Amino acid sequence: MLKKLILIILLVYNTSFAKPHLLDEIAVIVNNDVILKSDIKNVVDQIKKQNPLVTTSDKNFLKKIFENEIINKILLALGEKKGIKIDEKTLNQMIKNGIKKHGITIDQLHDYLKKHNIEYIDYINDISKKFIISILLQNEVKKRIHVTEEEEKFFLKKLQKDQDKNIEYTFTYIFFPLKANVNKRIINKINLLAHDTIKNLQKNNDITQILHFLSNKKLNIEYKKIEKKCINDLPVFFSKALSNSPKNVHVIGPIKNIKGLYVLKIHNRDESKLHTIIKQFHVKDIFLKSSSKKTDIQKKKKLEKIIKNIQNKEESFSDAAIKYSEDSKSAAKGGDLLWISSEYFGKKIEKIIEKLKKGNMTYPFRSNSGWHVIQLIDKRRVDITNILNKKQAENFFFNEKFDQEAKKWIQEQKNQTYIKYVNTL
């Protein structure tokens, strides 16, 4: 939705593509800036090239062009005032992402721009403007979007219902057949037997004995164990019964079907797929900066000596971190990084830390910024499902409300801006 809004605000190729004309007439004054008639004309020309069927003489069409250009001026000026900029690295990455998304090469991009008489520098300027407006809108509109407790509860309830479809059930069904046109006495007998079976199963009586007892009734009673099946993989009448039953209920029935009655004995509800579990390590770190191969050798040797001193109990890990670590934030706390998710370290280092016993240290290893020795204090597994679900609710309502709030905010900025139409096309 954000991208859609930006595309409305910044037309695909805006005035930044136009080569400046020194003698242009002013079309609109926007605070201390101006929009030239040639700016508007160039936007119209670009739209004609992309869509020859557009009726550019239509007054409503031209009004929209003027509106978009005015909003551009307002938002870009606000972005500049708030110090929003794009660095070269981010800009290059955005271009790479755009090329990859459209499945073209950089040469093909240059060919496209050349074909449409667009200078590459103008293309870069356009991306920079889009970035500034994107960041500005996110920062400002985000402050206006609030999710109520009722909205969050409603979303989480719906999400839970969807997630419950991934529960894997292991159960045994017992089928009591009822033939067509069977007399009422037999129906009552089967019905009573089904209810007695439910009572026995609820008492946690041995299901094997119950099944053996039923097989001797000579009523063609069937039973079968179903292993690890989700609701969507089961017949509809099973799915409805399982999804509507409370999670503390382990016997369900009788379930009526055109062929007879079913009783379900649930052995297990596997909810592992509903949860996101992450590993966390409580660690201490001694960090030494390094910027070259020469200093690499020196730093590694220094850490090896520190490890030896700790092992010989000449100093504690915490004391060594305070004395030697070049991480200003953690050094003062004895190198304590507190609880950190395993993804922070990367798979290689995670495996090393995972194998450590509490209190043990890693050997010196290098990161992008320097050398480390880590001591494991403790480790744990944390269920972050609720955190992720709440984040999903937040993102859902952010996207739902963004367009409406963005339009309101833009209108407010426009109302506070001095705008004077001088000339129109």
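The values are calculated or read from the model by the stated rules, or taken from the named source; none is laboratory data. Treat the numbers as computed from the prediction; the structure is a model and nothing was measured. Cβ: placed from backbone, ideal geometry, glycine included. Neighbour counts: every protein chain shown.
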Those residues of the range 32-65 that are in a helix (DSSP H, G or I) and at pLDDT 75 or above come to a total of 19
Of the conditions (1) farther than 30 Å from Ile352 by Cβ; (2) assigned to a helix (DSSP H, G or I), the single one that Thr417 does not satisfy is (2)
Got a sec? Which of Ile135, Ile127 is more than 17 Å from Ala393 (Cα to Cα), under 21 Å from the mean Cα position of the chain (by Cα) and outside any loop (DSSP other than H, G, I, E, B)?
-> Ile135
Selection status of Lys157, modelled with pLDDT of 90 or more, basic (Lys, Arg) and either under 29 Å from Gln46 (Cβ atoms) or in a helix (DSSP H, G or I) (or both) = yes
Can you pull out the residues in the range 340-374 that are in contact with a Ser or Thr (Cβ under 8 Å, 6 or more places away or on another chain), part of a strand (DSSP E or B) and surrounded by 15 or more Cβ atoms within 10 Å (Cβ to Cβ)?
-> Gly370, Trp371, His372, Val373, Ile374
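With respect to Asn395, determine if the residue is in a helix (DSSP H, G or I), surrounded by 13 or more Cβ atoms within 10 Å (Cβ to Cβ) and out of contact with any Pro (no Cβ under 8 Å at 6 or more places or on another chain).
Working: in a helix (DSSP H, G or I): yes; surrounded by 13 or more Cβ atoms within 10 Å (Cβ to Cβ): no; out of contact with any Pro (no Cβ under 8 Å at 6 or more places or on another chain): yes.
Against the criterion (in a helix (DSSP H, G or I), surrounded by 13 or more Cβ atoms within 10 Å (Cβ to Cβ) and out of contact with any Pro (no Cβ under 8 Å at 6 or more places or on another chain)), Asn395 does not qualify.
Of the residues Ile106, Ile127, which single one is of a type outside the set (S, T, N, Q), under 20 Å from Gly83 (Cβ atoms), touching a helix residue (DSSP H, G or I) at 6+ places or on another chain (Cβ under 9 Å) and modelled with pLDDT under 90? Working first, answer last.
Numbers: Ile106 fails: under 20 Å from Gly83 (Cβ atoms).
So the residue among Ile106, Ile127 that is of a type outside the set (S, T, N, Q), under 20 Å from Gly83 (Cβ atoms), touching a helix residue (DSSP H, G or I) at 6+ places or on another chain (Cβ under 9 Å) and modelled with pLDDT under 90 is Ile127.
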Hey, could you check the range 41-77 for residues that are among the aliphatic types (A, V, I, L, M) and in contact with an Asp or Glu (Cβ under 8 Å, 6 or more places away or on another chain) and say which is surrounded by the fewest Cβ atoms within 10 Å (Cβ to Cβ)?
-> Ala77
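How about the range 160-191: which of its residues are assigned to a helix (DSSP H, G or I) and within 29 Å of Ile207 (Cα to Cα)?
Keep residues of the range 160-191 that are assigned to a helix (DSSP H, G or I), which gives 160-166, 184-191.
Asp164, Lys165, Asn166, Lys184, Arg185, Ile186, Ile187, Asn188, Lys189, Ile190, Asn191, listed by residue number.
Could we say that Ser325 is among the hydroxyl-bearing types (Ser, Thr, Tyr) and either touching a helix residue (DSSP H, G or I) at 6+ places or on another chain (Cβ under 7 Å) or over 20 Å from Lys299 (Cα atoms) (or both) here? Explain how you work it out, then say what you get.
Values: among the hydroxyl-bearing types (Ser, Thr, Tyr): yes; either touching a helix residue (DSSP H, G or I) at 6+ places or on another chain (Cβ under 7 Å) or over 20 Å from Lys299 (Cα atoms) (or both): yes.
In short, yes.
Inspect all residues belonging to the range 284-295 and state whether any of them is buried (at least 19 other Cβ atoms within 10 Å of the Cβ), basic (Lys, Arg), in the same structural domain as Ala180 (by TED's automatic domain parsing) and modelled with pLDDT of 90 or more. Don't jump to the end; show me each part of the working.
Taking the range 284-295 and keeping what is buried (at least 19 other Cβ atoms within 10 Å of the Cβ), we get 284-288, 290.
Remaining after also requiring basic (Lys, Arg): 284.
Restricting the remaining residues to those that are in the same structural domain as Ala180 (by TED's automatic domain parsing) gives none.
No; the residues of the range 284-295 include none that is buried (at least 19 other Cβ atoms within 10 Å of the Cβ), basic (Lys, Arg), in the same structural domain as Ala180 (by TED's automatic domain parsing) and modelled with pLDDT of 90 or more.
Does Asn72 count as in contact (Cβ under 8 Å) with a residue 60 or more places away in the chain, in a helix (DSSP H, G or I) and touching a Lys or Arg at 6+ places or on another chain (Cβ under 9 Å)? I'd like the intermediate steps shown before the answer.
Values: in contact (Cβ under 8 Å) with a residue 60 or more places away in the chain: yes; in a helix (DSSP H, G or I): yes; touching a Lys or Arg at 6+ places or on another chain (Cβ under 9 Å): yes.
Considered against the rule, which asks whether it is in contact (Cβ under 8 Å) with a residue 60 or more places away in the chain, in a helix (DSSP H, G or I) and touching a Lys or Arg at 6+ places or on another chain (Cβ under 9 Å), Asn72 comes out as yes.
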Counting only residues that are among the hydrophobic types (A, V, I, L, M, F, W, C) and modelled with pLDDT of 80 or more, which one in the range 214-223 is farthest from the chain's Cα centre (by Cα)?
-> Leu214
Restricting to the range 199-214, what's the tally of residues that are in contact (Cβ under 8 Å) with a residue 40 or more places away in the chain and buried (at least 17 other Cβ atoms within 10 Å of the Cβ)?
-> 3
Is there a residue in the range 230-240 that is touching a helix residue (DSSP H, G or I) at 6+ places or on another chain (Cβ under 6 Å) and within 22 Å of Asn205 (Cβ to Cβ)?
-> no
